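What follows is calculated from the coordinates using simple rules that are stated; it is not laboratory data. As the structure is a computational prediction, the values presented were derived from the model and not from experiment. As a convention, Cβ positions derive from the backbone with ideal geometry for all residues, glycine included, and neighbour counts pool all protein chains shown.
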Amino acid sequence: MENFEFYNPTRLVFGKGMIAKLGELIPADRRVMITFGGGSVKRNGIYDQVKAAMTGHDFIEFWGIEPNPAVETLRKAIDLGKAEKIDFLLAVGGGSVIDGTKLIAAGMLYDGDAWDLVLKRDYSDGIPFGTVLTLPATGSEMNNGAVISRQESQEKYDFYTNYPVFSILDPEATFSLPPKQVSCGLTDTFIHVLEQYLTTCGQSRIMDRWAEGILQTIIEITPKIKKDQCDYDLMADFMMAATMGLNGFVAMGVTQDWVTHMIGHELTALHGITHGATLAIVCPGTMKVLREQKGDKILQYGERVWGITEGSRDERIDAAIDRTEQFFRSLGLNTRLGEEQIGEETIAEIERRFNARHATYGEAHNVNGAVARRILEACR
Ligand code: NZQ
Ligand code: ZN
């Protein structure tokens, strides 16, 4: 196990009816701006619950943070927040609203343009914020990351700032999710764990078992959720899996990959494909191209997560990659670039972008533009 520090200050408030606690969680003397997406919370009753819980608090609303939150929108929220002297933010929505709110929180205490903050990558000044999560996937409710897009230049980058002070997770808030978002959320959760697990063997037994536990849970609940996404206990496990999958918990003392994510962000930036859907396409390609380097860990994953024990080393690696791709297909997601009508032009652009930024992604720091090209070609 490598040396590490673990710090996660977010208070998790979990369960049915817990949105009612908002009033206690936000200090009464704060002037609050509540941030929302496109309106799903008005249709599923979450907005009414939030408003009721905020009775007596001084608050304004900002609507319209889109999926893959755009700096163009977030600048408007920062301007409004500054004009209204806001000193606390409450994000109500999925990863996009929460990520966007992280940039707003930082932008409130920054004089320059919000995109400069994204390019700085790390900025830990900012006003405090809490969240009400409506979509399990990103882990943004309990981490300090945000992924921000700039529509003007079709760019999308990760950015690191403060953690939410608290996050309320009510599984009932997920019952209204469109099935495609459920599929993408399950896939995103699964691949977050793979990014922190499918690297090097023998670094930590405890991290391996925790990671495998989350992967096995996702595999177990997926077909059941597809039959009934209004089952409280199933969605509770999904929510916890997503939060624990990317809050630093399975990353302690182990190396991390994130190549699938870095390529996936480019597919979203260039083609607008939903985040989880990009990962379902890229992940099998990453496993194929890096099968030598990751081979021992893929064998462990195949055996412990999928029960693959028969065949030669190569056959077992093939089987593990195949089972992973079939899992994403069972969720109704595409797993090939061709199915999204994406070809050489995009591959060349991603190779060019990785080379321009001197990319050295992955646990071995060896994924540059040329390797990204090979991965994308394996996803055709
Ligand atoms: O905008 P509204 O109307 O609320 O609708 C949203 C949106 O259209 C809808 N939705 C959310 N909760 C719902 C619901 N519809 C019905 N019922 C509900 N309960 O779902 C749509 C997608 O929402 P979005 O927030 O975009 O999805 P997700 O949570 O998957 O977030 C994706 C963003 O997070 C980033 C991604 O790159 C992407 O930009 N990520 C953030 C990470 C982080 N902060 O650590 C890590 C991830 O790897 C990821 O990159
Ligand atoms: Zn992700």
*For ALA364 and ASP87 in one chain, what is 0.36 nm times their gap in residues minus the Cα-Cα distance, to one decimal in nm?*
95.5 nm
_Which entries of LYS102/LYS227; LYS120/LYS294; LYS16/LYS180 have Cα-Cα distances beyond 29 Å here?_
LYS102/LYS227; LYS120/LYS294
*For segment 240-297 and segment 363-377, compute the distance between their C-alpha centroids and round to whole Å.*
13 Å
*What's the exposure ranking of THR131, THR199, going from fewest to most Cβ atoms within 10 Å?*
THR199, THR131
_For the chain, with +1 on Lys and Arg beta carbons and -1 on Asp and Glu, the positive-most of GLY362, ALA70, MET33 along the dipole_ = MET33
*Could you name the aspartates and glutamates in cross-link range of LYS21, using Cα to Cα under 20 Å and dropping any fewer than eight places away on the same chain?*
ASP29, ASP48, ASP58, GLU61, ASP87, GLU141, ASP170, GLU172
*What list of ³J(HN,Hα) couplings, whole Hz, do you get for segment 157-169 from phi and the Karplus terms 6.51, -1.76, 1.60, once you set θ to phi - 60° and write x for glycine and proline?*
10, 8, 8, 10, 8, 7, 7, x, 5, 8, 9, 9, 10
*Indicate, rounded to the nearest 5 percent, the antiparallel portion of the DSSP beta bridges found entirely in the chain.*
25 percent
*Can you sort ILE347, ILE78 so the residue with the fewest Cβ neighbours within 10 Å comes first?*
ILE347, ILE78
*In the calculated pair distance distribution of segment 176-266, what percentage of Cα-Cα distances lie above 14 Å?*
64 percent
_Please compute the Kirkwood hydrodynamic radius of segment 150-189 from all pairs of different C-alpha atoms, in Å with one decimal._
13.5 Å
*Starting at the first residue of segment 44-49, write each ³J(HN,Hα) from the Karplus equation 6.51 cos²θ - 1.76 cosθ + 1.60 with θ = phi - 60°, in whole Hz, x for Gly and Pro.*
9, x, 5, 4, 5, 5
_Shape box of segment 189-333 [Cα atoms, principal axes, largest first, Å]_ = 41, 36, 31
_Nonlocal amide H pairs with VAL367, under 5 Å, H built at 1.01 Å_ = TYR361
*With N set to the residue count of segment 252-305, report its C-alpha Rg divided by 2.2 N^0.38 Å to two decimal places.*
1.28
*Provide the gained length on full extension for the span ARG11 to ARG329, in nm with one decimal, where the gain is 0.36 nm per separating residue minus the Cα-Cα distance.*
111.0 nm
*Would you grab the residues whose amide H sits under 5 Å from the one on ILE34? Only those 5+ places off in sequence or on another chain, please, with H modelled 1.01 Å from N.*
ILE60, GLU61, PHE62, LEU90
*Electrostatic dipole magnitude of the chain [Cβ: Lys, Arg +1; Asp, Glu -1; Cα centre; debye, to 20]*: 260 debye
*How far is it, in nm, from the label point at TYR160 to the one at ALA356 when both lie 7 Å from their Cα along the line to the Cβ?*
2.5 nm
*GLU292 versus ASP116: modelled label distance in nm, points set 7 Å from Cα along the beta carbon direction*: 4.6 nm
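Would you mind getting me the FRET efficiency between LYS21 and ILE60? Use the beta-carbon distance for r and R0 = 25 Å, nearest 0.05.
0.75
Over its Cα atoms, what ratio of radius of gyration to 2.2 N^0.38 Å does segment 43-99 give? Provide the component values of the computation, followed by the final result.
Values: Rg = 12.1 Å, N = 57, 2.2 N^0.38 = 10.2 Å.
For segment 43-99, the normalised Cα radius of gyration is 1.19.
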*Between LYS51 and GLU349, 0.36 nm times their residue separation minus their Cα-Cα distance comes to what?*
102.7 nm
*When the gyration tensor of segment 1-100 is built from Cα positions, what are the square roots of 5 times its three eigenvalues, in whole Å, from largest to smallest?*
23, 20, 16
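Can you give the Rg/Rh ratio of the chain, where Rg is from the C-alpha atoms and Rh is the Kirkwood radius?
Ratio of gyration radius to Kirkwood radius: 0.96.
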*Sketch the reach of a paramagnetic label on LEU109 as a point 7 Å from Cα along Cα-to-Cβ, and name the residues of segment 129-145 whose backbone nitrogen lies under 15 Å away.*
129-130
*Could you calculate the FRET efficiency of SER312 with GLU220 from 1/(1 + (r/R0)^6), where r is the beta carbon distance between them and R0 is 25 Å, rounded to 0.05?*
0.30
*Can you sort GLU266, GLU339, GLU5 so the residue with the fewest Cβ neighbours within 10 Å comes first?*
GLU5, GLU339, GLU266
*Can you tell me the dipole magnitude for segment 9-90 around its Cα centre, using point charges on the Cβ only (Lys, Arg +1; Asp, Glu -1), in Debye to the nearest 20?*
180 debye
*Could you give the spread of the C-alpha atoms of segment 263-372 along their three principal axes, from largest to smallest, in whole angstroms?*
42, 32, 19
*State the dimensionless ratio Rg/Rh of segment 68-196 (Rg: radius of gyration of Cα atoms; Rh: Kirkwood radius).*
0.97
*Would you please report the Å³ per residue occupied by the convex hull of the alpha carbon atoms in segment 130-199?*
130 Å³
*THR131's amide H: which non-local residues (gap 5+, or another chain) put their own amide H closer than 5 Å, with H modeled 1.01 Å from N in plane and none for Pro or chain starts?*
ALA91, PHE166, SER167, ILE168
*For segment 209-219, take each phi angle, set θ = phi - 60°, evaluate the Karplus expression 6.51 cos²θ - 1.76 cosθ + 1.60, and give the result in whole Hz per residue in order, putting x for glycine and proline.*
5, 5, 4, 4, x, 5, 4, 5, 5, 4, 4
